[in-house]
Structures are given as structure tokens and as C-alpha cells.
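Before any comments, here is the structure.
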Amino acid sequence: MLSCYTVRMTSASYTQLSATVASGDVILRRGKGPLSSVIAWYLHDGTHCSHCALIVGKKDLAGAGCLFPEKRIGFGETSADIGRENILVVHSVAAGLSGVNGVQLETLRGFLRHSAPGTDAVYRPCMDDAVRMRTIAAAADAVNKAVPFDNLYRSGNQDAMYCSSFLIRIFSQAGWEGCRSLQTRHGILCFSSFSDPRRYQRIYQDVQKTDIPSPV
């Protein structure tokens with residue numbers, strides 16, 4: 001049986017994120033581009049974020065059956081990049097942003113490069129190891145099946161998923177009760193759904209001052 005392993009970041013490239021992370025943690029961030037600012041402004045949910053992903057140890061993901069297909073590695077990274085890293089993220093991204101349509105892999109190191117300063121935050125779902133491993137297995141399955149991105153952000157869409165709906169989907173598939181605690185705005189899942197202290201423990205918060213720039 002797989003065990004959820006914990007990794008402490010020691011590389012200089014990880015200085016923004018000095019706390020301990022584990023497989024199954026959720027990371028939130030606002031991206032550096034104007035579209036990210038628009039999303040954060042539109043949802044206005046208090047997180048100042050525009051994107052979310054699942055943090056997973058590469059060994060846990062491999063043990064869950066992920067095939068690490070080259071075509072599912074986004075943002076210009078390669079299998080060699082994945083091979084050099086122990087900590088990855090699984091997330092759903094539009095092809096126009098990452099070059100890959102939908103659920104895909106990226107190194108955590110690469111993910112942080114696209115974060116606006118002061119916006120990274122990590123939350124740990126309050127779930128047991130068995131549920132956590134089922135969550136990772138569901139994420140691996142979504143990568144292998146190349147689940148596409150939902151460009152229409154449709155509620156309840158089972159065939160395509162945007163970033164936050166992907167996380168809720170795999171939590172639901174794992175049978176985690178906490179995924180029922182949702183917050184929405186304009187019919188879209190808010191990132192504040194992943195910061196509810198009744199369901200998530202905050203592991204890391206970038207302490208830099210964060211403002212949402214006006215999209216106009």
C-alpha cells in the first residue's frame with residue numbers, strides 16, 4: 001500500500017515556499033499575466049488567486065499508475081524535467097496558457113515560476129491517508145485519460161474540467177466528505193472553497209503584500 005510521503009524543500013529555487021508540503025496538498029496562486037488578474041478580480045473571493053493545483057510526490061503518482069505521458073507535460077517542460085524533480089503538481093489548464101489542453105503535469109519548481117509574488121498558499125485537506133491515496137489515484141487517472149479543459153466553466157461537467165472543478169472532482173471520486181463544502185460566484189467554483197478552516201489546514205502562506213491589479 002502506498003504511503004503519503006512528505007518532502008521538505010531545500011533548493012534555493014524553493015525559498016518562497018519554505019514550509020513542508022505533502023502529496024495531496026492544494027496549492028493556490030495568482031498567475032503573472034493579465035488574465036489571471038481578471039479571474040481574481042471577477043471571483044473576488046478573498047484569496048487573490050486565479051489558479052489551483054494538487055501537489056503530488058512523483059513516487060506516489062507513479063505508484064498510483066500515472067504513465068507520465070510526454071504529451072501531458074505542460075508549460076514547455078519535458079520528461080527530463082519531470083525526471084529530475086521529486087515534487088510535481090497535477091492541474092487542469094487551457095492549452096492557450098500551457099500548450100497542453102486540460103489535466104497535465106508540471107514540476108512544482110516550474111509552477112512557482114508562474115506565480116505572482118505574494119500569492120502562493122498551500123492548504124492540506126483534512127482527510128486520512130486512504131482517502132488521500134484515492135485522490136492521487138484519481139488525479140493519475142485523469143492525466144492518463146487526457147481529460148480536457150472546460151473552457152465554458154460549466155457546473156457539473158463530467159467530460160471536461162477547469163482547475164478548481166478538477167480538484168473537487170478527484171476529491172469526490174476519492175469519497176472525501178469535505179469536497180461538499182463549496183463556494184461559488186457567478187456559477188464558478190471559488191478558490192476560497194479550498195481555504196475553509198473546517199476542511200483544510202493552511203500549511204503555507206506567502207507573507208508578501210498582495211493586491212489585485214485592476215483588469216482595466
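Considered as a group, the residues in segment 126-156 that are open to solvent by less than 30 Å² (accessible area, probe 1.4 Å) and free of Cβ contacts under 8 Å to residues at least 60 places away in the same chain include one that is nearest to residue 102 (Cα to Cα), and that residue is 149. Number of residues in segment 78-105 that are more than 17 Å from residue 59 (Cβ to Cβ) and surrounded by 22 or more Cβ atoms within 10 Å (Cβ to Cβ): the value is 7.
Each residue in segment 146-170 was checked for being under 21 Å from residue 68 (Cβ atoms) and modelled with pLDDT under 95, and 0 pass. Among residues of segment 94-117 that are of a type in the set (Val, Ile, Thr), those with a beta-carbon under 6 Å from a residue that is modelled with pLDDT of 95 or more at least six positions away or on a different chain give the pairs 100/74; 103/92; 103/142; 103/143; 103/147; 107/81; 107/88.
Consider segment 94-137 and keep the residues that are under 22 Å from residue 195 (Cα atoms) and among the charged types (D, E, K, R). The one that is modelled with the lowest pLDDT is 120.
Is it the case, given these coordinates, that residue 195 is open to solvent by less than 60 Å² (accessible area, probe 1.4 Å), within 19 Å of residue 48 (Cβ to Cβ) and not hydrophobic (A, V, I, L, M, F, W, C)? Against the criterion (open to solvent by less than 60 Å² (accessible area, probe 1.4 Å), within 19 Å of residue 48 (Cβ to Cβ) and not hydrophobic (A, V, I, L, M, F, W, C)), residue 195 qualifies. Looking across 28, 61, one residue alone is within 12 Å of residue 194 (Cβ to Cβ), in contact with a helix residue (DSSP H, G or I) (Cβ under 7 Å, 6 or more places away or on another chain), of a type in the set (A, V, I, L, M, F, W, C) and outside any loop (DSSP other than H, G, I, E, B). It is 28. Could you go through segment 174-193 and let me know if any residue there is among the charged types (D, E, K, R), outside any loop (DSSP other than H, G, I, E, B) and farther than 18 Å from residue 128 by Cα. Looking through segment 174-193, at least one residue is among the charged types (D, E, K, R), outside any loop (DSSP other than H, G, I, E, B) and farther than 18 Å from residue 128 by Cα. Would you confirm, using the coordinates I've provided, whether residue 36 is open to solvent by less than 40 Å² (accessible area, probe 1.4 Å) and in contact with a Gly (Cβ under 8 Å, 6 or more places away or on another chain)? Against the criterion (open to solvent by less than 40 Å² (accessible area, probe 1.4 Å) and in contact with a Gly (Cβ under 8 Å, 6 or more places away or on another chain)), residue 36 does not qualify.
Within segment 54-65, not a single residue is at pLDDT below 95, surrounded by fewer than 23 Cβ atoms within 10 Å (Cβ to Cβ) and out of contact with any Cys (no Cβ under 9 Å at 6 or more places or on another chain).
Taking the criterion of being touching a Ser or Thr at 6+ places or on another chain (Cβ under 7 Å) and modelled with pLDDT of 95 or more, the residues of segment 14-31 that qualify are 24, 28, 29, 30, 31.
The values are calculated or read from the model by the stated rules, or taken from the named source; none is laboratory data. Bear in mind that the values here come from a model prediction, so they are computed numbers and not experimental data. Cβ atoms come from the backbone with ideal geometry, glycine included; neighbour counts cover every protein chain shown. Side chains are part of the model used for accessible areas, which takes the heavy atoms of the whole protein and leaves out ligands, DNA and RNA. Shrake-Rupley method; radii C 1.70, N 1.55, O 1.52, S 1.80 Å.
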